[in-house]
1. Name the single residue that is surrounded by the fewest Cβ atoms within 10 Å (Cβ to Cβ) among those in region A:219-235 being assigned to a loop (DSSP other than H, G, I, E, B) and without any contact (Cβ under 8 Å) to a residue 60 or more places away in the chain.
2. Taking into account only those residues within region B:110-161 that are basic (Lys, Arg) and closer than 30 Å to A:VAL351 by Cβ, which is modelled with the highest pLDDT?
3. For region A:117-128, does any single residue satisfy the condition of being in contact (Cβ under 8 Å) with a residue 12 or more places away in the chain and assigned to a helix (DSSP H, G or I)?
4. Would you pick out the residues in region A:236-294 that are over 26 Å from B:ARG156 (Cα atoms), part of a helix (DSSP H, G or I) and touching a strand residue (DSSP E or B) at 6+ places or on another chain (Cβ under 8 Å)?
5. When you go through A:GLU361, A:GLU337, A:GLU317 one by one, which is the residue that is within 12 Å of chain B (Cβ to nearest Cβ), more than 18 Å from A:VAL39 (Cα to Cα) and at pLDDT 95 or above?
6. Report whether or not A:ASP199 is assigned by TED's automatic domain parsing to the domain that holds A:SER103 and at positive phi.
7. Would you be able to tell me the number of residues in region A:320-366 that are touching a residue at least 60 places away in the same chain (Cβ under 8 Å), assigned to a loop (DSSP other than H, G, I, E, B) and crowded, with 24+ Cβ neighbours inside 10 Å?
8. Taking region A:286-329, which residues are in contact with a Lys or Arg (Cβ under 8 Å, 6 or more places away or on another chain) and either outside the structural domain of A:ARG380 (by TED's automatic domain parsing) or among the hydrophobic types (A, V, I, L, M, F, W, C) (or both)?
Amino acid sequence: MKNMWEEKLSPVVKSIPPSGIRKFFDLVSETRGVISLGVGEPDFVTPWHIREAAIYAIEQGYTMYTSNYGLLELREVIRDDIYKNYEVQYDPRAEILVTVGVSEALDLAMRAVICPGDEVLIPEPSYVSYAPTAVLAGGKPVFMQTTMDNNFVLTPEQVEKSITPRTKVLMISYPNNPTGAVMDRETMLGLAEVAKKHDLIIISDEIYDKLNYTGEQTCMAALPGMRERTILLNGFSKAYAMTGWRIAYAAAHADFISAMTKIHQYSILCTPISAQMAAMEALKNGDTAMKKMVREFNRRRHLVLQGFKDMGLPCFEPGGAFYAFPNIEVTGLSSEEFAEQLLQEAQVATVPGSAFGDAGEGYIRVSYASSIEDISEALRRMGKFVRRRGVFPKKVSTSSGTDFVQKEGICNNV
Amino acid sequence: MNEKELLELLETNANLSIAEISAMLNASEDEVKEKIKELESNKTILRYMTLVNWEKCEREQVEALIEVRITPQREVGYDAVAERIYRFPEVRSVKLMSGTYDLAVFVEGKSMQKVAHFVNTKLATIEGVVNTVTHFVLKTYKKDGVIIGDQEEDRRLMISP
């Protein structure tokens, strides 16, 4: 019975390695008493007014197909939201497509533009879907490594160096999963220049745009001349705690959107209407709850950063999303070893950085989308764990210039 | 340090350690301690309390909302009567309301008789109280922003990308 159909499977599909996260997931499920800091979604439930609006819509009989593009009214509020935040204007009738999560939008974008052999530039560490969707679309991922020294931000020079005559797409995502890195406007302008010079298409996954704690979020499509060559992806999952609704959108030049809609209409037809009704409510009335959630995440961000500092793990200050990406090389362990041993010895689940590409080796992804109690307890356990491996906080003088309060010696979290 | 943010944190969880608060607010522990002391001494922070779900324990306790209509008095308005009411230990809270009655008085007692007795002998007889309407509480669903017996829990996968 084994391997019965293996040889019949598509070689392209077979070429894709199994997800590094999946393996770890199984391990976590077998362990008891685990505090998980490995979750890539808010710990908040979708705000009640959004859930209630969806329930009402179902009661009212909104149970049918919608336009392939999504409800026009939803596309209009999406247009308004993008304009309000970034002053980029999209035509809701031709330039916005409502999709089943950014995951679908990403897949559509890749499939709409990639010809066999086209190269897709992807910074690493990166979200797990970028390379596989490029491969499935017939493209060839070309990775560019971002580093802690550079705050995990891709530089225009790196892109320039990676360009070949086959390069067609530059994939970016800031604020970034897994690093939490944000990109400043100047760097983004630099990338935009490179893209224009080499006629690249940019797919910009901005799903974490509302979770930027630096106060400065730049939208790629808002930069001069970039609206035409950017496929902007965004959604509701992170900002409105709506991961399970599977709803997002793509906004781009009508040529891209109509091509993507062709694929969408034959594979998905349309995004579920109840999710569309919920998304509409989120955009119309969700601002207050969203901002409250963002403030809460920001406090937790400071808490975990202080925790890593106290235990002596170097970590750059992530400006966005809800992840911290500490470097664990001081323990002498690999990412996978660290995550596995931490899970087994201290019952704290994190995700090994290597799951996000080679550039993530030496790091772990810590999600602070958890309660304060859980975060504090997890940090205590992690502190003990790294101390057993001979890692202690460095004594620091009270020099200024960092964002944190300096403390000497071992602190409350360990 | 943002004073409002500090108060918000403490209002939802007074059990946070100074270390946690200082990390979250990006301030030094001394600053936080100082600020809290200041807020305590100027009575911005009145008291630290615990929200208890008494249904979990065997405790005979009834709660009633009493609508009280009163005659406001010259110079002191409603305040003097309100004070005579809120000084009673049986009274949990008193609010001046707009609408058809004046004071919303929450009273707790060991039994309906005890509460009724309190209303009849103490509250209704206060000079200036015109009439009272007593509503006994049958069930509390939510208190101070917290859903009692909330069934919603963390249902997320332990690991997700």
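1. The qualifying residue surrounded by the fewest Cβ atoms within 10 Å (Cβ to Cβ) is A:PRO224.
2. By that ranking, first place goes to B:ARG156.
3. no
4. Answer for region A:236-294, where residues must be over 26 Å from B:ARG156 (Cα atoms), part of a helix (DSSP H, G or I) and touching a strand residue (DSSP E or B) at 6+ places or on another chain (Cβ under 8 Å): A:PHE256, A:ILE257, A:MET260, A:THR261, A:HIS264.
5. A:GLU317
6. Spelling it out, A:ASP199 is indeed assigned by TED's automatic domain parsing to the domain that holds A:SER103 and at positive phi.
7. 4
8. Answer for region A:286-329, where residues must be in contact with a Lys or Arg (Cβ under 8 Å, 6 or more places away or on another chain) and either outside the structural domain of A:ARG380 (by TED's automatic domain parsing) or among the hydrophobic types (A, V, I, L, M, F, W, C) (or both): A:MET290, A:VAL294, A:MET311, A:CYS315, A:ALA321, A:PHE322, A:ALA324, A:PHE325.
The values are calculated or read from the model by the stated rules, or taken from the named source; none is laboratory data. Bear in mind the structure is a predicted one, so any value in this text is a computation, not a measurement. Reconstructed Cβ throughout: ideal geometry from the backbone, glycine too, with neighbour counts over all protein chains shown.
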